[in-house]
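FYI, it's all coordinate maths here, none of it is from the lab. Note that this is a predicted model, so its numbers are computed, not measured. Quick reminder, even Gly has a Cβ in these numbers, built from the backbone with ideal geometry, and neighbours come from all protein chains shown.
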Amino acid sequence: MTEQATTAAASTPAIANTPNTIKVIISGGFAAVYRDVLPEFERSTAIKVETGSGASEGTGPKTIRHQLANGTKADVVILSREGLRTLIEDGRIRAGSDAGLATAPLAAAVRSGAPKPDISTDAALKKALIDAGQVVVPSSTSGQYVRDKIFPKLNLPDTVKLTLEARGTEAVEALRAGKANLSIGPTSELVQETGIEMVGLLPPNLQLVQTFTAAIVSDSKAPEAARRLIDFLSLDSDHLLAAIKRAGMERPRR
C-alpha cells in the first residue's frame, strides 16, 4: 500500500460492531479496477467482501435493478450513473451515499489480428460499421446508446446487424468467437481483454462518457462498512490511480 493510502486507512476510525462481510453487486465498467484493488481493502480493514455482478441497465434477471427488486441482498452497488438514477427513483439507494469513481468513454474493438478500421469521424465510423456487417454491444447503458442514438444518427442500412448481449463480457466473447466483426463498449470493458484489440475511441460527436458510481443500498445491514469500501475506492492512491489508467478510465472531475 502507498504511504497516502496507508495514512488514509489509518485515519479511518475503527467501527464498532462492523460485520465481517459485506456484499457488492458491480457492473462491468469498473470491474477490472475493483478486482485489482479489492484485496488491499480486505487486508487493511479485515472486512470480507462478497461480489456479485449485474448490468447497469437493460431488462431481465442479469440487471442490478432486477436482482435488487427480486430479493437479492447487497450493501453496495457499483454501476453507471444512468443505472444508478433508476435505482434512486426506485428508493433502493441511501440518499447522498453515491460517489463517482471513474469515467470511461466508448471505444470500438475487433478480433486480434483483424484490420483496424478508421473510426475517427462520423463518416469513418459509419463505413466501419457497414464493412463490419455484424456488430455486438452490451445491452446495458452503452448498448442502448448505440442502438437508440448512434445507429439512427448514422442512418445505417439494414445490412448492418446489431446484437445486444446481456453483459459486456458476453459481447466481447461474441466478438472473440467470430459471431461479430466489431464491438462497441466502454474502454474499461475492452482494453484488457485477450483475443480482441481496441481500435480507438468513438468520434466526439457520437461519444458517451459514462461515470461509474458506487452507492449504499437503502436496506444495507452494514452501512458503515459499506461507506469504508466506497471511501477506499475514492482514494487517490498510487495503486488505485494506476489501476484506473490501465482500464482506460479517468477519475471524475471533483
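Calculate how many DSSP beta bridges within the stretch 106-206 are antiparallel, expressed in % of all such bridges and rounded to the nearest 5. Antiparallel bridges: around 55 percent, rounded to the nearest 5.
If you average the C-alpha positions of the stretch 206-241 and of the stretch 114-150 separately, how far apart do those two centres end up, in angstrom? Value for the Cα centre distance between the two parts: 30 Å.
Working note: Cα gyration tensor of the stretch 106-206, eigenvalues times five, square-rooted, sorted largest first, giving semi-axes of 18, 14, 13 Å.
Radius of gyration over Kirkwood radius for the stretch 46-92, both on Cα atoms: the Rg/Rh ratio is 0.97.
This model, with +1 at the C-beta of Lys and Arg and -1 at the C-beta of Asp and Glu, gives the chain a dipole about its Cα centre of some 260 debye.
Report the net charge of residues surrounding Ala55, where surrounding means a beta-carbon distance below 13 angstrom and charges are Lys +1, Arg +1, Asp -1, Glu -1. Once all neighbours under 13 Å are counted, the net charge is -2. For Lys179, the aspartates and glutamates whose Cα comes closer than 15 Å to its Cα, not counting residues fewer than 8 places off in the same chain, are Asp131, Glu165, Glu170.
When the C-alpha to C-alpha distance is required to be over 28 Å, the pairs from Lys149/Lys221; Lys62/Lys127; Lys116/Lys153 that qualify are Lys149/Lys221; Lys62/Lys127. For the stretch 65-120, the square roots of the Cα gyration tensor eigenvalues, ordered a ≥ b ≥ c, give a/c of at least 1.5 with a/b greater than b/c, which places it in the prolate category. Per-residue ellipticity at 222 nm from helix content only, as computed over the chain with -39500 (n - 2.57) for each DSSP H run of at least four residues, stands at -9500 deg cm²/dmol.
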